Amino acid sequence: PVDIISLDLTRKHPFPFKRPLIKAAVDRGVFFEIGYATCLKDNRHRRQFLINTHQLCSLAGPKGLVIASEGTRTMEFRSPHDVINLSSLFGVPSSRAHDMIRTNAAAVIRHAELRRR
């Protein structure tokens, strides 16, 4: 069983994201993680990150996504307001981005706990 799928969104994938597969995963309670720290660290991969993330957001919708920093240093972490602004580059309205940061993250934990019982 899987709770979160985390893809390297800074690279071009050899396969296209397909709506039926992503929708099936989201319907089963699986979330896709968007880690933004790599986008902030490396200018060369930023374009591909934005392309992949925009595509993933349009296919999964905000209900199936979690935004996480994936940061390893203090400078790679951002405030919730900065992350909400960053999500506008993915085509996500700010109200939905707030859910992706807080509500969806809590839902992943709840889903994992319920599955363990």
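The values are calculated or read from the model by the stated rules, or taken from the named source; none is laboratory data. No experiment lies behind these values; they were computed from the predicted model shown. Note that we place each Cβ from the backbone using ideal geometry, even for glycine, and neighbour counts take in every protein chain shown. We work out accessible area using only protein heavy atoms, side chains counted, and drop any ligands, DNA or RNA first. Shrake-Rupley method; radii C 1.70, N 1.55, O 1.52, S 1.80 Å.
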Residue identified as among the polar types (S, T, N, Q) and either closer than 18 Å to LYS23 by Cα or open to solvent by 40 Å² or more (accessible area, probe 1.4 Å) (or both) among SER87, SER79, SER69: SER79
For segment 95-112, state whether one or more residues are part of a loop (DSSP other than H, G, I, E, B) and either modelled with pLDDT of 90 or more or loosely packed, with under 15 Cβ neighbours inside 10 Å (or both). no
Search segment 39-58 for residues being over 17 Å from PRO14 (Cβ atoms) and among the aliphatic types (A, V, I, L, M), and hand back the single one that is nearest to the chain's Cα centre (by Cα). LEU50
Any chance GLY61 is out of contact with any strand residue (DSSP E or B) (no Cβ under 9 Å at 6 or more places or on another chain) and either under 28 Å from LYS18 (Cβ atoms) or open to solvent by less than 20 Å² (accessible area, probe 1.4 Å) (or both): yes
